[in-house]
Amino acid sequence: MRLDQNQLNELNEEYSNKSPEDVLKWTLDNLHPNVALASSFGAEDAVLIDMLAKINPEARIFTLDTGRLNQETYDVMDEVKLKYKVNLEVMFPNQVEVQDMVRKHGMNLFYRSQENRKLCCGIRKVHPLTSMLSTLDGWITGIRGDQTQNRSDANKFEIDHQFGGILKANPIIDWIWDQLWDYIKTNNVPYNKLHDVGYPSIGCEPCTRAIKPGEDLRAGRWWWENESDKECGLHMDHSQESANLK
Ligand code: SF4
């Protein structure tokens, strides 16, 4: 199923005041089994996994194991598998690409330049994601508008031009941090314990740190870089997307 821009606008209009569960129901009704949640096991994904499991326990969930994740992230993956009995589809990077990269640039290349960091994110995240998305008609993400300037322009439903024009559903795009935690506590949702020690955003272990009070929610990601709108390449620049659509 592919939507044109007019259909997408109508859908966003219709769902502008609807709940994340309604967005998920529409997405599953129209695209399952050719749609999956991309989970990095942060608080946003914990909420969406719980909602999906309640709507349809067969809903598909995949994750990218970059090979550089925190133990806490692997712990919550197993907790989720056990609690919801989901078939977690774990995607790994191409072994030869990783091998060539570390032989040429070293294990911790990302600290030396942004070019190296993007190379590593490309090989460990973007390539496996692209491979998974090439098999789907849509994907579900946990992005929220207050995470970055780029994400503040996103809608509940989008056409993902970065990944072949498939549908991208962002059910909690308008949720704030406190709503996530109300849901997690009320529904006893398993969550990544890094959140208890100051990590609002979960990424790879060497590239993510806890933030200090008052810091931006994504300040702990690639903290040695100065840019404010830091992304790993999984979520395209929406200003660029708008420009492309004009
Ligand atoms: S976040 Fe860091 S370790 Fe993970 S893929 Fe990107 S550069 Fe590599």
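The values are calculated or read from the model by the stated rules, or taken from the named source; none is laboratory data. Note that this is a predicted model, so its numbers are computed, not measured. Heads up, the Cβs are rebuilt from the backbone with ideal geometry, glycines too, and the neighbour counts pull from every protein chain shown. The protein model used for the area step is the full one, side chains on, heavy atoms only, and it has no ligands, DNA or RNA in it. Shrake-Rupley method; radii C 1.70, N 1.55, O 1.52, S 1.80 Å.
Miscellaneous remarks
- If the condition is being of a type in the set (Asp, Glu) and touching a residue at least 24 places away in the same chain (Cβ under 8 Å), then segment 92-117 contributes only Glu97.
- Residue list for segment 179-205, filter: out of contact with any Lys or Arg (no Cβ under 6 Å at 6 or more places or on another chain) and within 16 Å of the ligand (Cβ to nearest atom): Asn192, Leu194, Tyr199, Pro200, Ile202
- Scanning segment 164-200 for residues that are farther than 26 Å from Val126 by Cβ and assigned to a helix (DSSP H, G or I) gives Trp177, Asp178, Gln179, Trp181, Asp182, Tyr183, Ile184, Lys185, Thr186, Lys193, Asp196, Val197.
- Complete set of residues in segment 129-164 that are farther than 22 Å from Leu24 by Cα and away from the ligand (no atom under 16 Å from the Cβ): Gln149, Asn150
- Residue, least open to solvent (accessible area, probe 1.4 Å), within segment 90-128, restricted to residues that are more than 11 Å from the ligand (Cβ to nearest atom) and in contact with a strand residue (DSSP E or B) (Cβ under 9 Å, 6 or more places away or on another chain): Met91
- Picking from residues in segment 50-60 that are farther than 13 Å from Asp29 by Cα and touching a helix residue (DSSP H, G or I) at 6+ places or on another chain (Cβ under 6 Å), the one that is most open to solvent (accessible area, probe 1.4 Å) is Ala53.
- Residue count for segment 157-178, restricted to those that are among the charged types (D, E, K, R) and open to solvent by 20 Å² or more (accessible area, probe 1.4 Å): 2.
- Some residue of segment 151-171 being touching a His at 6+ places or on another chain (Cβ under 6 Å) and charged (D, E, K, R): yes
- Residues satisfying the stated conditions in segment 13-31, i.e. surrounded by fewer than 17 Cβ atoms within 10 Å (Cβ to Cβ) and outside any helix (DSSP H, G or I): Ser16, Asn17, Lys18, Ser19
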